[in-house]
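The values are calculated or read from the model by the stated rules, or taken from the named source; none is laboratory data. If you're wondering where the values come from, they're calculated on a predicted model, not measured in any experiment. Counting neighbours? That spans all protein chains shown, and the Cβs are built from the backbone with ideal geometry, glycine included. Remember, those area values only see protein heavy atoms, side chains included, never the ligands or the DNA or RNA. Shrake-Rupley method; radii C 1.70, N 1.55, O 1.52, S 1.80 Å.
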Amino acid sequence: MPKKSSLALGGAALFLAWNGLLLLFLWSRPASFPDPPRPPSARELPARLLRLAQDAEAELRLQRDLLLQIQHLRLQRRQKTPEPPRIPASTAEEPPVIPVLVLACDRSSVRRCLDKILRYRPSARRFPVIVSQDCGHAETAAVIASYGAAVAHIRQPDLSDVAVPPEHRKFQGYYKIARHYRWALGQVFRAFRYRAAIVVEDDLEVAPDFFEYFQAVLPLLREDGSLWCASAWNDNGREALVDAGRAELLYRTDFFPGLGWLLLAELWDELEPKWPPAFWDDWMRRPEQRRGRSCVRPEVSRTMTFGRKGVSHGQFFDQYLKFIKLNDRFVPFTKMDLSYLKKDEYERFFLRQVYSAPEVRLEELQEDSGRELGPVRIQYRGRDSFKALAKALGLMDDLKSGVPRGGYRGIVSSVCRGRRVFLAPPSDWTGYDPSWS
């Protein structure tokens, strides 16, 4: 294509140059009359005009022949190098680039996290890995550096203590984490100008289809404004509470799960100006940030945490987190139709599924011999009722701004004794009560 364009431009330039020379020739041509020049007589004028017209006609014939030669050459070139077939836009589109932002500090065990990420990522170009390190821990920095060009290593420049209220002195670590998140996400979306990113921490191990999952749900976030994130984590993902044989199941949840999550640059534009000084994840769960939006989460987690050590001092780790089931088989999410997760369609089928399930009491479920394996519903009324039933079912019973972990419209889906169980409020549910927290 560049050679054909050059030829056409050259022909046009030659055409204009030729016309310029013709005009110059006609105007500057010396008279055939002896000097000194004199005005032509009335008898000589017609003959002179006739000669000028004949000269102009001859020049035009030369230009026509030149243009015919140029056209012939272009035709020959087109026959030798035919135009490539046009590729439809849908198949010509490049897959999106989604960086993985790994937040690290002083855990040299970040190697376990990075090894699995690099092992399972399908493309280094489409999924660049950026490790953002806080703390300035030399051993951890050496581990990250050992990966060479496989990862980009950036360092939080401000390692100073954060000014905190006196009553929060013991929470200094949470303030530093929030500061690090703000700086690192700013680098991804402002300095590197990515349009989406997956965020993980250095104590997470990922599943074989971790990248497949996020690549498949990214279009949903772009199309459905009622979704604001996708998470690889199921808060109630203990092995006894999930159906490992249905690893393709995905849900909407009103609870921000974190622990391996995808966000768009547009969401960062919204959150960055008001980013909190500490406890960023609980801040994300407040109504004024969530604004009625939901996240996508899996039945079986695509991440698991191995980091008992941390600023939380192992809170929930021994009781819940270390028992999370990590998916071990590949689900081809990008080949599946995930439109059922869009709000209107999801609520039609999910609410119908929940409220058409027979209501049972907890005692009936616990006494069931397993002959009946269809889904059932256990209804709660009020905060205390929810907490008691969740605890009895082995679910996490804490609420954030009134939202249960993994819940959608107050409904928490899990498995008990091999049966699908929906822990649900009455069907006339009107919304979350933040006083339940």
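Pairing each residue of segment 103-114 that is surrounded by fewer than 16 Cβ atoms within 10 Å (Cβ to Cβ) with any residue that is assigned to a helix (DSSP H, G or I), provided the two are 6+ apart or on different chains, yields C-beta distances under 6 Å for R111/V143. Is at least one residue of segment 199-209 among the aliphatic types (A, V, I, L, M), part of a helix (DSSP H, G or I) and in the same structural domain as R293 (by the TED database)? No.
The rows are residues; the columns are (1) farther than 23 Å from E248 by Cα; (2) assigned by the TED database to the domain that holds Q215; (3) of a type in the set (A, V, I, L, M, F, W, C).
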{"residue": "K342", "(1), (2), (3)": "no, no, no"}
{"residue": "F349", "(1), (2), (3)": "no, no, yes"}
{"residue": "E363", "(1), (2), (3)": "yes, no, no"}
{"residue": "I378", "(1), (2), (3)": "yes, no, yes"}
{"residue": "D384", "(1), (2), (3)": "yes, no, no"}
{"residue": "A392", "(1), (2), (3)": "yes, no, yes"}
{"residue": "M396", "(1), (2), (3)": "no, no, yes"}
{"residue": "G406", "(1), (2), (3)": "no, no, no"}
{"residue": "G410", "(1), (2), (3)": "no, no, no"}
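When you look at P122, is it touching a residue at least 12 places away in the same chain (Cβ under 8 Å) and open to solvent by 60 Å² or more (accessible area, probe 1.4 Å), yes or no? The answer is yes for P122.
Considering segment 230-329, the qualifying strands (runs of 3 or more DSSP E), each wholly inside and each with 3 or more residues that are modelled with pLDDT of 95 or more and open to solvent by less than 20 Å² (accessible area, probe 1.4 Å), run over 250-253, 261-264, 294-298. Scanning segment 176-192 for residues that are open to solvent by 20 Å² or more (accessible area, probe 1.4 Å) and in contact (Cβ under 8 Å) with a residue 24 or more places away in the chain turns up K176, I177, R179, R182, W183, Q187, F192.
The number of residues in segment 398-418 being over 31 Å from the mean Cα position of the chain (by Cα) and surrounded by fewer than 18 Cβ atoms within 10 Å (Cβ to Cβ) comes to 2.
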